[in-house]
Amino acid sequence: MSSSSLDLSSLMSISLGTLTLGKIISAAVTLLICLVVTRVLMKLLGRLLGRSKLDARVQKYLAAGVRLILYVITALIVVDSLGIPITSLVALLSVGSLGITLAAEDILGNVAGGLVILSARPFALGDFLEVGGTTGTVEEISLNHTKLVTPDGLMVLLPNKELASSKMTNYTVNGQRRITWKVSASYDAPTETVKAACEQALSMTDRLLTDPAPSVRLTGYGDSAIEYAVYCWAAPADYWDAYFALGEHLRTAFADHGVEMTYNHLNVHILEKKNEPTQ
């Protein structure tokens, strides 16, 4: 055997504790290969996500999650190539992951709900929602919560975990929102006159959509008044302006047509007792 072969063999057998130089070089080569493979896989994943219709933030979170998993796998492979048993390490990672999962159950639930919302897109920024009795405009969609601003200007933070599993009404998704005004009129007012007053109020109100067409319906008979409902539609951005304007115009139109807007009241009739004739 040549001296050069002996020198290389002895060099490779140099140890640092339980690690030999040969194992270290092998681990370095393994690490380099794993990093190259990870880079290639991430490029392929990026192309696949780019062709998908997923939200940009969902793509970012998925890519980060896959990258983290690949790095963990790379670390385990490199450790194994050094001759270090990975069974205990895997068990330790499993226990740690379980502990983190239990400790951050609500956070992880909100994150999962956020991913569902961002991928399914049941609503978008600027949409007007009703969720669990809370109504408001979507101001922000994050991975943990969704921010609504109510018509009163209050900010409400809804956890995505609850939002993803709750009944939700999106008034914006169809591009129109129905306005309903309920009014009442005296039994003495003819139905045609009341409807004419309501139609005048509708014609006085700007920002109403013509399709679907507005309508006026007699909806019920109360104790002291006949009940009517005025239906019309407006764009979501114009809803509140049109809603309040129509309410003001209804009062004006009723006055113009001489129709009394009734209210709950009680009529009391006092009967005077007649004096009986004396005997």
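Readers should treat all values here as calculations from the given coordinates under stated rules, not as data from a laboratory. None of these values were measured; they are calculated from a predicted model. We place every Cβ from the backbone using ideal geometry, glycine too, and count neighbours over all the protein chains shown.
Distant-in-sequence amide contacts of Ser142, defined by a placed amide H-H separation under 5 Å and a gap of 5 or more residues or a different chain, comprise Lys147. For a 30 Å ceiling on Cα separation, which of these pairs sit above it: Lys53/Lys147; Lys43/Lys147; Lys53/Lys161; Lys161/Lys182; Lys167/Lys195; Lys43/Lys167? Check vs 30 Å cut-off fails for Lys43/Lys147; Lys161/Lys182; Lys167/Lys195; Lys43/Lys167.
As an exercise, use a Förster radius of 51 Å and the Cβ-Cβ distance of Ala63 and Asp152 to find the FRET efficiency, rounded to the nearest 0.05.
Numbers: r = 40 Å, r/R0 = 0.78.
Efficiency computed from Cβ-Cβ geometry: 0.80.
Once the mean of 1/r is taken over each pair of separate Cα atoms and inverted, segment 177-256 shows a Kirkwood hydrodynamic radius of 12.7 Å. Taking Cα centre as origin and charging only the Cβ of basic (Lys, Arg, +1) and acidic (Asp, Glu, -1) residues, the dipole magnitude of segment 122-170 rounds to 160 debye.
The phi-based Karplus calculation (6.51 cos²θ - 1.76 cosθ + 1.60; θ = phi - 60°) puts the 3J(HN,Hα) values of segment 184-190 at 9, 9, 5, 4, 6, 7, x Hz, whole numbers, x for Gly and Pro.
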